[in-house]
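Structure, as structure tokens:
The values are calculated or read from the model by the stated rules, or taken from the named source; none is laboratory data. Remember, predicted model here, so these are calculated numbers, not experimental data. When we count neighbours, we look across all protein chains shown, and the Cβ atoms used for this are built from the backbone with ideal geometry, even at glycine. The accessibility values were calculated without ligands, DNA or RNA, using every heavy atom of the protein model including side chains. Shrake-Rupley method; radii C 1.70, N 1.55, O 1.52, S 1.80 Å.
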Amino acid sequence: MKSEFNPKSFEKKWYKYWTEKKIFQSEPNSKKPYTILIPPPNVTGILHMGHMLNNTIQDILVRRAKLLGFNTCWVPGTDHASIATEAKVINHLETRGISKSSLSRDEFLKYAWEWKDKHGSIILNQLKRLGVSCDWRRLKFTMDDDMSQSVIQTFVKLYNKGLIYKGERMINWDPKAKTAISDEEVIYKEQKSKLYYVNYKLLDSHEFLTVATTRPETILGDTGLCVNPNDQRYKKLIGKKVLVPIINRKIPIVSDHYIDPEFGTGVLKVTPAHDINDFNIGKKNNLEIINVIDDSGLMNSNATSFTGMDRFFARKKIIEDIDSIGQLSKVEDILNKVGYSERTNVVIEPKLSSQWFLKMDNISKKALESVVDGEINFYPNKMVGAYKHWLENIKDWCLSRQLWWGHQIPVFYFNDNEYVVAENKTSALKLAKLKSKNNKLKLSDLKQDEDVLDTWFSSWIWPMSVFDGVRNPKNKDFNYYYPTSDLVTGPDILFFWVARMIISGYEFTGKFPFKNVYFTGIVRDNKRRKMSKSLGNSPDPIKLIDEYGADGVRTAMLFASPAGNDLLFDVSLCQQGRNFSNKIWNAFRLIHSWNPIQSEQSQSEKVAIEWFKIKINIKLSRLEKLFTEFRISDCLILIYKLIWDDFCSTYLELVKTSNKNISSDTLDKTKDFFNDLLVILHPFMPFITEEIWQSLNDPKNNNSIIESKWPSVNEEIDKVSLLKFEKVFSLVAEIRKIRLEKNIPFKKSIKLLYEDTDEFIFSDVLLKMCNVYEIEKVSKDKKNLFPFMVNANKYYIPLLFKIDKKIEIEKIKDKIVYLKSFLKSVEKKLSNTSFVKNAPEHVIEIEKKKKRDTINKLNSLNEQIKNF
């Protein structure tokens, strides 16, 4: 056995072994399926800490399900990510001196596919380093031919049902990506801004109306001012006209109840082309629509002398010009929320545009009911509130994107503005002939819509399309694996993806797409900042794996990541994970070094075996509950303590011998225990558990640890025996603590005395764990004895060290002060009638037990003071 633990020596070996043995592959059979789908990362992305957390949790769930006997199927895949990928391709082409505008659509897409083929497998290979148990034969890409056909069919079906329509609406425009984006893709950030108070001169008058605005650059597109019809200050001015500053355009003063007289000056500048509320007011009052900002965020030809300026530079220049003519009343510093594109991080521009939309109000109703009623479970449950609020206020989904990389919208135009919707051009021609009653139409007469669909429109059918359930809903795979079991995802895509998948699942299959949704937290650094490249606070996951091993990094991600709560990541957690690996490795080395002999088991061996059998049963039962509640981090911590504290620090200490010879029965039982521990740890740390399991078991079996069975709780817990064991281990802990505090070397044997305590049946345990060579009842003479208490029992050891009675008593008094305060808080809770009336019975019983235990401890400490 190698003394040094080195994960590099076996990680690649075991991943290759699992792959070659086809352990991750799944086909429909008689077993119950467990299906999980990877949230597809961007095809040109690289692994970051969020991916590490998410995929580690998925792998844990899949591996455990396989050990429980399920037919597991984890489908991997990548997303074409229209905006992000197109931006990367454009940047790449620009470094070669090629602009997108110089290329045809087909030429650009050729470059995009080359980029995808070159970079698309990077993140997948990185995931393999993590140890993910995906069925790689089922790898999907959202623009694979079959996946694309599913997307197009979905669009056509929804259009034919009257749910998709084309309309001119105020949309969110991303000037950097040069595309429309949905409301969900807009991130509102609070920032410092200026509020400018501008005077609009009344026509044929020396009077002014003052308007407050944060966007002076849109003044050039003003076509009206608006007041509340009941505002007595301005009632007489309704119908009159003012002049737009600088350009002196005559615009009317109109009225609308939307205007709040108490807000600002009570007068609103109306720019219908650049604000949704202004657009609605303008529509009611037949105001002209003048767009002054182009698709790149530059002032257009309607902006007169400001044409070609960046919108934010124009803002500064326009204010300077207004100030120079004496029409700037004042400027205030304010905090306001500004919308940014989630993908490009530039300020979005409201824009009136003709786009394709999906009606969401009716098709989302079942998705709302299913989560609120518990048909689909969210972990943590607090996510239900945000989900409910979004669905109750849902808006139509803007589907079209002004990009080339993606699924081209299956709409075909002819005769100028007429169009048909079809899966392909051939089918479109048939429909066009019918619609136009012109059989002379040719394929060349049809022109497909230039836009592509929102990336999320392919992702929202992911649970169906990966099993070809859209094109072929009766196929064997789809009917076996769908609905899927669990979804693991981040809270940031609750609306983008999770909600929409639930909507599409019910719309197309009448079933939920998954039963449980586990929301991970956001990975942050120890200063609580979100990890990002720009901050330079995000470590390279592959470098971490190289240094600490995949198992060490996997456990690091889970040591502090309860569902839905942020994970405060620190590299020291990886070291803790590696230390845990070392502990397990050294435990294996110890067991591997023993020589089995035919001999009677010692009392300490029997006690250890009986105790650990009960202990592991209790922990397995608790583990089952924690997994059911998706408390994955707590599961790892439970296993960690069971292995480190109970198995390594206690069990192995009790059964090990000084000469390496050990009872064969004890060795067999130890290996059985160790095997069970390796199996329950395997989902969390697959590599080291496989390495040790293969060495611990007969290699002739040619099996993997993942083909084992999850250990079951097969015996009723002997609570009487457990209590005896817990008492002796509490005593062991206290004696060891005294040895440490009083500097008594372990090799120095000590005597233990007791009075009125339980019969000692575990003397071998005390000898082995504490080097207690003799145990006897104390006499009346207690001189030169150091007293201490465990629970309500009094013990003494001979004074082999100097003590200061005052100091010892002060320590006990400090404990008493703390316990009295704790007791007071418990009694206050139990005296609260509302708590007693509404709390579950088991919760009340826990509080009562706290009270009883605290009183007993106080009595013991008071007795201890008397003994001193």
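List of remarks:
- One residue stands out in segment 159-194 among those that are out of contact with any Lys or Arg (no Cβ under 9 Å at 6 or more places or on another chain) and of a type in the set (A, V, I, L, M, F, W, C): the one that is farthest from Asn277 (Cα to Cα), namely Ile187.
- Answer residue from segment 363-379, given it is open to solvent by 10 Å² or more (accessible area, probe 1.4 Å) and of a type in the set (Val, Ile, Thr) and is nearest to His389 (Cα to Cα) among those: Val372
- Count of residues meeting criterion [of a type in the set (S, T, N, Q) and open to solvent by less than 60 Å² (accessible area, probe 1.4 Å)] in segment 297-329: 2
- Yes/no for Asn675 being closer than 30 Å to Ile23 by Cα and modelled with pLDDT of 90 or more: yes
- Figure legend. Inter-residue proximity from segment 848-868: first residues open to solvent by 70 Å² or more (accessible area, probe 1.4 Å), second residues of a type outside the set (Val, Ile, Thr), beta-carbon distance below 6 Å, spacing 6+ or different chains. Indicated pairs: Asn856/Ala792; Lys857/Leu819.
- The residues on offer are Val778, Val790, and the sole one that is touching a Leu at 6+ places or on another chain (Cβ under 7 Å), under 30 Å from Thr657 (Cα atoms) and either open to solvent by 40 Å² or more (accessible area, probe 1.4 Å) or not polar (S, T, N, Q) (or both) is Val790.
- Criterion violated by Arg739 - all others in (1) open to solvent by 30 Å² or more (accessible area, probe 1.4 Å); (2) without any contact (Cβ under 8 Å) to a residue 40 or more places away in the chain; (3) more than 30 Å from Leu678 (Cβ to Cβ) satisfied: (1)
- With respect to the conditions (1) within 30 Å of Thr344 (Cβ to Cβ); (2) in contact (Cβ under 8 Å) with a residue 60 or more places away in the chain; (3) of a type in the set (S, T, N, Q), Asn199 falls short on a single one, namely (1).
- All positions within segment 389-443 that are of a type in the set (Gly, Ala, Ser), touching a residue at least 24 places away in the same chain (Cβ under 8 Å) and open to solvent by less than 10 Å² (accessible area, probe 1.4 Å): Ser400, Ala422
- Looking at Lys192, Lys166, Lys176, Lys201, just one residue is more than 25 Å from Ile318 (Cβ to Cβ) and surrounded by fewer than 22 Cβ atoms within 10 Å (Cβ to Cβ), and that residue is Lys166.
- Among the residues of segment 808-830, those that are over 28 Å from Pro787 (Cα atoms) and either open to solvent by 100 Å² or more (accessible area, probe 1.4 Å) or hydrophobic (A, V, I, L, M, F, W, C) (or both) comprise Val826, Lys828, Leu830.
Yes or no, residue by residue, for (1) farther than 20 Å from Leu681 by Cβ; (2) more than 16 Å from the chain's Cα centre (by Cα); (3) at pLDDT 90 or above:
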site	(1), (2), (3)
Lys530	yes, no, no
Ser538	yes, yes, no
Ala556	no, no, yes
Cys574	no, yes, yes
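- The test for being of a type outside the set (Gly, Ala, Ser), closer than 19 Å to Phe5 by Cα and touching a helix residue (DSSP H, G or I) at 6+ places or on another chain (Cβ under 8 Å) does not hold for Phe559.
- None of Phe684, Phe746, Phe729, Phe725 is farther than 18 Å from Phe588 by Cβ and touching a Cys at 6+ places or on another chain (Cβ under 9 Å) except Phe746.
- Of the helices (runs of 4 or more DSSP H) that lie entirely inside segment 43-137, those containing 1 or more residues that are open to solvent by less than 30 Å² (accessible area, probe 1.4 Å) and free of Cβ contacts under 8 Å to residues at least 60 places away in the same chain span 82-95, 122-130.
- Among residues of segment 138-176, those that are farther than 21 Å from Thr218 by Cα and touching a strand residue (DSSP E or B) at 6+ places or on another chain (Cβ under 8 Å), counted: 17
- Under the condition of being surrounded by fewer than 18 Cβ atoms within 10 Å (Cβ to Cβ) and either in contact with an Asp or Glu (Cβ under 8 Å, 6 or more places away or on another chain) or closer than 30 Å to Cys574 by Cβ (or both), the residues counted in segment 497-515 number 1.
- Among the helices (runs of 4 or more DSSP H) confined to segment 525-627, the ones with at least 3 residues that are open to solvent by 20 Å² or more (accessible area, probe 1.4 Å) and not aliphatic (A, V, I, L, M) are located at 541-548, 571-592.
- Segment 340-362, subset among the β-branched types (Val, Ile, Thr) and in contact with an Asp or Glu (Cβ under 9 Å, 6 or more places away or on another chain), residue surrounded by the most Cβ atoms within 10 Å (Cβ to Cβ): Ile348
- Applying a threshold of 7 Å to beta carbon distances and a minimum spacing of six or more residues, or different chains, the list of pairs starting in segment 355-371 at a residue that is within 16 Å of Trp460 (Cα to Cα) and modelled with pLDDT of 95 or more and ending at one that is part of a loop (DSSP other than H, G, I, E, B) and charged (D, E, K, R) reads Phe357/Asp396; Leu358/Asp396; Lys359/Asp396; Met360/Lys395; Met360/Asp396.
- Taken over segment 690-734, the residue count meeting the criterion of being in a helix (DSSP H, G or I), in contact (Cβ under 8 Å) with a residue 60 or more places away in the chain and within 31 Å of the chain's Cα centre (by Cα) is 4.
- The lone exception for Phe357 - which of (1) within 35 Å of the chain's Cα centre (by Cα); (2) not in a strand (DSSP E or B) it fails: (2)
- Verdict on Tyr159 being closer than 18 Å to Asp451 by Cα, surrounded by fewer than 17 Cβ atoms within 10 Å (Cβ to Cβ) and modelled with pLDDT of 95 or more: no
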